[in-house]
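Following: one structure in structure tokens, then a few remarks.
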Amino acid sequence: HRFDIPLASLEGAHKRYGRTLALDGVDLELHGGQVLALLGANGAGKTSAISLLLGLVAPDAGEVRLSGRAPGTLAARRGVGVMLQSGALPPTLKVRELLDLTRSYYPDPRSVAECAAIAGLAGLLGRRYDALSGGQQRRVQFALAICGRPTLLFLDEPTTGLDIEARQGLWHGVRDLVAEGASVLLTTHYLEEAEALADRVVVLAGGRVVAEGSLEAVRARVDQRRIRCVTT
Ligand code: ATP
């Protein structure tokens, strides 16, 4: 049945960078209407998983599907919003200009005011991007990721480096999108973030899935020391 087709999936995915095995046979599936959190410590393979799903890099072995298609094609990427860790933007543009530029790529973008409200950018629209704090820049990146009304959103460590207030603000924004029907795959180091947002979690360590399921199930299955280790 076509509605059972995952929005994004890895099956037996292997990815090697030189001598580093970043992904060592990873299976994961994101289904419609879900928020899936990929938890893991530095180097666990979270960004590699996202890079494969978006077609930014090819797997050495395994199957990758985005919207039921080979990733990296225009058809697969339609409706997909992305906030990566390496999000270089034209530094001298103002926030409003960045939003207008990005909105121009989409047929039916959200208004600047709507993007600003969802991402918590009130008061920052007239500021230059390079004059913002790291946390404010993350919020701008989030606004750009959502302004095209994505139905599937990839967020790679969206709140790393944000204080708790800014983190909660971004969680609100994600919940708004989920309420509109978007599905989300996010990576995080923070157990509280998975708790706040995710229906399902996949815990990666050393390029392998070491636990998955509901947060409660994962908590019960993975010993507390390991959970703590992936959240600090
Ligand atoms: P972090 O939380 O630090 O972002 P991560 O879970 O996202 O980590 P990845 O970025 O997927 O982990 O990295 C997994 C492993 O692959 C790490 O050992 C990393 O050093 C290595 N790696 C990732 N990208 C490259 C690359 N382009 N070249 C070489 N090694 C890489």
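The values are calculated or read from the model by the stated rules, or taken from the named source; none is laboratory data. All of these numbers come straight from a predicted model, not from anything done at the bench. Cβ coordinates were reconstructed from backbone atoms using ideal geometry, including for glycine residues, and neighbour counts include every protein chain displayed. Just so you know, the surface numbers come from the protein's heavy atoms only, side chains and all, with ligands and any DNA or RNA stripped out. Shrake-Rupley method; radii C 1.70, N 1.55, O 1.52, S 1.80 Å.
Here the gap between residue 168 and residue 42, fully extended at 0.36 nm per residue and compared with their Cα-Cα distance, gives a gain of 43.1 nm.
For segment 86-227, DSSP calls about 55 percent of its internal beta bridges antiparallel. Surface analysis of segment 99-197 yields an accessible area of 40 Å² per residue, using protein heavy atoms and a 1.4 Å probe. The Cβ shell under 10 Å around residue 36 holds other residues with a net charge of -2, Lys and Arg each +1, Asp and Glu each -1.
Surface composition of the chain: carbon plus sulfur atoms contribute 50% of the solvent-accessible area (1.4 Å probe, protein chains only, all chains present). For the chain, the longest principal axis of the C-alpha atoms and the axis of helix 164-179 are separated by about 80°.
The label-point distance for residue 11 and residue 175, in a model that sets each label 7 Å from Cα toward Cβ, rounds to 3.6 nm.
Using heavy atoms of the protein chains and a probe of 1.4 Å, the accessible area assigned to residue 125 is about 30 Å².
Where does the Debye-calculated log10 I(q)/I(0) of segment 1-86 sit at q = 0.17 Å⁻¹, using only Cα point scatterers of equal weight, no solvent? Taking Cα atoms of segment 1-86 as identical point scatterers yields -0.69.
How many percent of the alpha carbon pairs in segment 104-232 exceed a separation of 24 Å? Considering segment 104-232, 34 percent of its Cα-Cα pairs are separated by more than 24 Å. Whole-percent P(r), the chain, all Cα pairs, 5 Å bins from 0: 1, 7, 15, 18, 20, 17, 12, 7, 3, 0. Distance between the C-alpha centers of segment 147-195 and segment 64-78? Whole Å please. With segment 147-195 and segment 64-78 each reduced to a Cα centre, they are spaced 22 Å.
Here the calculated FRET efficiency for residue 195 and residue 104, from their Cβ-Cβ distance with R0 = 45 Å, stands at 0.75, rounded to the nearest 0.05. Positive contributions from Lys and Arg (+1) and negative ones from Asp and Glu (-1), summed over other residues with Cβ under 10 Å from the Cβ of residue 120, come out at 0. Using the average count of surrounding beta-carbon atoms within 10 Å as a protection proxy, the listed peptides 89-95, 146-152 rank, highest first, as 146-152, 89-95.
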